[in-house]
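Visitor: Before I ask anything, here is the structure I am working with.
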Amino acid sequence: MDQERPLVEKILNGDLQAFQQFIEKYQRLVTHMVFRMILNESDREEICQDVFLKIYQNLAKFQFQSKLSTWISKITYNTCINYLQKKKALLYDDLTIRENESDSAVFDSRPSNLDSLKGEFPLPDESAISQEVSEMLYVELNSLPAQYRTIITLYHLENLSYDEIGEITGMPMGTVKNYLFRARKLLKDKLLEKYAEQEFVK
Amino acid sequence: MNHLTDEDLQKYLDKDPELNKTEVDRHLKNCDQCRQNYMVYKQLYAGLADETGFMLSADFSESVVSRIRKKREKTYSFFESVLLAIAGLFSVGILFYFTNLGDVLLSVFKKNIQDIEPFLRGIGDVLGGNLTIFIFAIIIIILFGVADKLIFQIKHR
């Protein structure tokens, strides 16, 4: 945490070059969050700029009581939530209906039930994910409500703990775990469905 | 052992210490169905950690800094104008205090008032009041308008 103090102090003294370094350091984190939360591609870069402007305006208020990355994530999260609220986008959603739909879709589209299919079709090499499956995953991920996408991003791309995600989003740890579990299960079912479908077509 | 649940598999991939890893390893070795589920999860995890597609323009940091610089310059120019205005008023005040410019201007003002008197008298008559009060009222309204505009600009900066 203290490693960041000299850079922050330089920025507070008006050094814009230091702020440019700061942006380059945290750009990845902000981009991940904004790109996953905001689906409208044309607004993403401007929102990223707004996030850094807010950071610049409020940096003097940061007291080094938490990790700087957590504080940045909070600002990014709140900026995106404000944007989504203005656009009346879906933030929260009960995934139960989708989970049921996903299960029944797999049952309906196969000659036999899901259990009998499991273990019967070959999966591609474990480390490689095909372009087609990757695109499907991207579509499915973007169809999830923004809160689920955020939690998935913070966990899988930023490797943050449940506690840190809870601090950023203001959700209790139990909710974070629950959202993460349900979103991943839903995506896994979709992926399984896709693999089964590919095999069925062959 | 029963088949592994989704929760078990997610915990296994999350390296959750609560889970008995050895038991899951053994089960995965012997159960095709769970192994397949595990493989799908593994692919999913790989996909979720994939960083492809998160691209900003190459000059992103420069554009943010340039926005800040422009904002700063705007703020400076505003304060500069305020300071100039204060300095200007102060100079005029000094000039009025140490010279007879005030009397000269007042006589010019009175002369002009007399010139436009016929027109203003009409308005004054309509208002039924003193013409001087009417003129001062207009000046005060203008001053309030200017002050209000300045306050609005400061608040919304």
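Derivation of every value follows stated rules applied to the coordinates shown; laboratory data play no part. No experiment lies behind these values; they were computed from the predicted model shown. Using ideal geometry, Cβ is built from the backbone for each residue, glycine included, and neighbour counts are taken over all protein chains shown.
Visitor: Hey, which lysines would be in cross-link range of A:K188, C-alpha to C-alpha under 26 Å, not counting anything within fewer than 8 residues on its own chain?
Guide: By straight Cα distance, A:K188 reaches A:K118, A:K177, A:K202, B:K11, B:K15, B:K21, B:K29, B:K42.
Visitor: Still on this structure: Quick check: convex hull over the Cα atoms of region B:1-89, volume per residue in Å³, rounded to an integer?
Guide: So the per-residue Cα hull volume is 160 Å³.
Visitor: Describe numerically, in nm with one decimal, the distance between label points set 7 Å from Cα along Cα→Cβ at A:K25 and at B:Q114.
Guide: About 7.5 nm separates the two model spin labels.
Visitor: So for the pair A:Q17, B:E73, with labels modelled 7 Å out along Cα→Cβ, what separation do we get in nm?
Guide: Each label point is offset 7 Å from its Cα along the Cβ direction, giving 1.9 nm.
Visitor: Now for a different question. Exposure proxy check: A:S73, A:S134, B:S66 ranked by fewest other beta carbons within 10 Å?
Guide: B:S66, A:S134, A:S73
Visitor: How large is Rg over Rh for region A:5-86, taking Rg from the Cα atoms and Rh as the Kirkwood inverse mean of 1/r across Cα pairs?
Guide: Ratio of gyration radius to Kirkwood radius: 0.97.
Visitor: So how many Lys-Lys pairs in region A:5-86 land under 21 Å Cα to Cα, not counting same-chain pairs under 8 apart?
Guide: Qualifying lysine pairs in region A:5-86: 13.
Visitor: Suppose each label sits 7 Å from its Cα in the direction of the beta carbon; what would the B:E62-B:S107 distance come out to in nanometres?
Guide: About 6.5 nm separates the two model spin labels.
Visitor: While we're looking at this one, here's another question. How about region A:1-86: which chymotrypsin sites (Phe, Trp or Tyr not before Pro) there are in a DSSP loop, with at most 13 other Cβ atoms within 10 Å of their Cβ?
Guide: For chymotrypsin sites (Phe, Trp or Tyr not before Pro) across region A:1-86 that sit outside H, G, I, E and B with at most 13 neighbouring Cβ atoms in 10 Å, the list reads A:F64.
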